[in-house]
Structures are given as structure tokens and as C-alpha cells.
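The values are calculated or read from the model by the stated rules, or taken from the named source; none is laboratory data. What you see is a predicted model, and the numbers here were worked out from it, not measured in a lab. We place every Cβ from the backbone using ideal geometry, glycine too, and count neighbours over all the protein chains shown.
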Amino acid sequence: MKPQNLLRGFNFLYFGLLAIFIPFLPVYLAEQGLKPGQIGFIVGTGGFVTIITQPLWGMISDKSKTIRKVLMILILFSSIIGYLLYDSTSYLLLILFAMLLYFFLMPIDPLTESLNFTIAESIRISYGSIRTYGALGYAVVSLLTGYVMSYFGAHSMAILFAVIGAICFIVCWKMPDAPVSGKPVTLGSLKHFLSNKETLLFMLLVFICSIPARMNDTFLGVYIRELGGSTALIGQAWFLAGSSEIVVFALSFWWLRKGKELIIITFATAFYFIRFFTSAWITDPHLLAYLQVMQLLTFPVFYSAAIQYLYRIVPVEWRATGQTVLALLFFGVSGILASYVGGAIYGAFGGKILYLSIATMSFLGVIFGLILYWIYGKNPIDVKKS
């Protein structure tokens, strides 16, 4: 089988596991009787774990000059722990297994994205032609998980997670590794990358824009349930969100232009604002689910542009680590603030105020993005050439 097809299969399966974990963990915890504040505590603490584990595994990958072997280890442990998590009811065990799953599952994302981009570049195909299958996997498994929970109960997610994880491990076993850079890994190159003012401001922009997105990821399912929606409807909502990404990733070769990443990111953030502001005024859970089709103009646009921008400015030997820094901001650091603060706001004021709050934050992201584009957009830097 062609390397790109194996990688596409891995993307489908891994992002399917993410679909069971990210949107449905809060729903599962709520089904076990946990309150929004407790859910926010678990997800937020998982963010702290992510801060540690993503750089750790990114450095291991860069130092060992392999991504595939690291992925195999992470997938194996994730599959086992995911089964234990969704088979548990004790509050302490839920915390323990959730933290362990954050430790092993979340580092796979930046490593997978690094592998996607590197393999695509080496065989001269578009990154989106591979990443599309991740969006498809997220959509299909989201829909499947919603129905599985509705018909077989919340604990059925344990078997679903383990089965998909086992297949993912087999595909990873046969998958190609990323081409190894001939340049040595040096702390000086990373210091040069992180000390650049434009780079730091870009990372700040990612951080500001990712907090509202992570709050929505964490509490959308809980809010749909509060409005009277079923777990099947939650699955449908994330299916709409995930499937809407497919076209965007598939056509990334057409719309994603080098040197235009900052304005593209700002464009996506503007639609985040519209999406979240509209969510605050919706009282019908079905309408809220249908609104998730706006994912089409938000996450895939934002993240694709951010990855391309990052890969233009990070030294080639630090690509996996650079990708980890991006994922750390989007899924780790921002997740901590999103979960703790979001849980507190939700518990004290309800879903409407939560969505008005994150809409306001997205609007601030739009303003900051426009400022950065005005300053740097016309003369983008390229650290790799330095």
C-alpha cells in the first residue's frame, strides 16, 4: 500500500480517537454525575499534563529521529487507558485515567501533523489531501459515538475506543516514518526560533484565539444536554463540525497561500466570533447542533494557516518540536484556562453568558490579528533560511 494511503488511514483512526475523547469526555463525566466545575477541573488539569507531555514526546521524537516508533508507543498505551477510563465510575479513577490519557493521547496530535506535513512535502502532494482523512475520521466517529452512547450506554465507549485504538496501532506499524533532516538538532536553533519577536506575537495570537475554541470544545456537549438534546444529537453536532472540515482540508492547496497566513487566521477568528455570539442566543438544541457546520470557516482554516506559517519560520530540524509548541498552545495551555474559567462561568452564570464571554474573546483575537497583519503580513520572516 502507498505510504500516503497508510498515513491517511492513520489520520482517520487517530482523529476518530480524539473524537471520542475531546467532545465526549465532558459528556461522559456529566453522565457519571459530575458538575460543570468538576468537569472543568478534570479537563483543565489535563491541560497541565499536556504542557508537560507534548514537549517531552516532541523532544524524544526529534532526538531519536523518528516519529512512527514514538506514535506506536503512544497509541498502544492510549488504547489501554482509554478503555479503562470509559469503564470507570469512581471520581478518583476518572481523574487518574483521564490524566494518563492526556499524557499519552494528546502528544500524538502534533507528531501526526508533523508527519503529515513532512510526508506530503517529500512526495509532493498537498498536506490537505492527507489531513482531510483526519477530519473525516473525526466526523464519522463523532456520529458513531453519539449513537453508541444512546443505544448501548456510556460505558460502551470503552470497547469502541479500544477497538479503534487497536486498528490504529496496526496501521501505524506498517506506516512509513518521516524523512530525517540532515541538520543537527541544536538548542541554538530553537532559541533563535523562540526569541524572534514576530514568532512570539504569532504564538500569542494563537493562544488568544484558541481559548474560545477550547471552551466550546469542552462545554458544547454539556450545553446541548442542558437544552434538552440527546447524546445522539451531540454526535450529530460534531459530525457536522468534522465533516465540514473535509472540503476545507481537501482544497487547502487552492486557498492556502504563503505569506497570507496571518490574514487567513484573522478571517477564521472573525467567524469564530460570529459562531459563538450566535450560539449564546440559541435555545433549541437542534439549531445549536446545526450551527456547528460553521466549523467549515473556523478550525480547519485557522489551524492549516497556523501550521503553514509555523513551518515557514521554524528550523527544519525542530519541526516536530515547533509543531508541539503550536499544539501546546492550542490544546494545552489554552485548555487549562478554558476549562477552569469556562467551568466557573458555566456553573455560576450558565451557557449563554459563557458563549457571550468567548465571543468577546474571539473579537479581541480579530483585532490582534489585524494588527499583526498590518505590521508583519507584507514581509513574512523565514527562520529556516537563517
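Here are the numbers:
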read-out	value
Which numbered condition residue 60 misses (of (1) under 30 Å from residue 240 (Cβ atoms); (2) free of Cβ contacts under 8 Å to residues at least 12 places away in the same chain; (3) β-branched (Val, Ile, Thr))	(1)
Which listed residue, of 253, 207, 273, 267, is in a helix (DSSP H, G or I), surrounded by fewer than 24 Cβ atoms within 10 Å (Cβ to Cβ) and modelled with pLDDT under 90	253
Some residue of the range 278-289 being free of Cβ contacts under 8 Å to residues at least 12 places away in the same chain, surrounded by fewer than 23 Cβ atoms within 10 Å (Cβ to Cβ), in a helix (DSSP H, G or I) and out of contact with any Cys (no Cβ under 7 Å at 6 or more places or on another chain)	yes
Which listed residue, of 160, 143, 136, 111, is within 15 Å of the chain's Cα centre (by Cα), part of a helix (DSSP H, G or I) and surrounded by fewer than 24 Cβ atoms within 10 Å (Cβ to Cβ)	136
Of all residues making up the range 348-369, the number that are at pLDDT below 95 and surrounded by 16 or more Cβ atoms within 10 Å (Cβ to Cβ)	2
Selection count where residues are hydroxyl-bearing (Ser, Thr, Tyr) and in a helix (DSSP H, G or I), scope the range 45-97	9
Search result, residues across the range 117-127 that are farther than 18 Å from residue 328 by Cβ and either part of a helix (DSSP H, G or I) or not hydrophobic (A, V, I, L, M, F, W, C) (or both)	118, 119, 120, 121, 122, 124, 126, 127
Residue check, residue 232 under 19 Å from the mean Cα position of the chain (by Cα), of a type outside the set (D, E, K, R) and either over 19 Å from residue 342 (Cβ atoms) or modelled with pLDDT under 95 (or both)	no
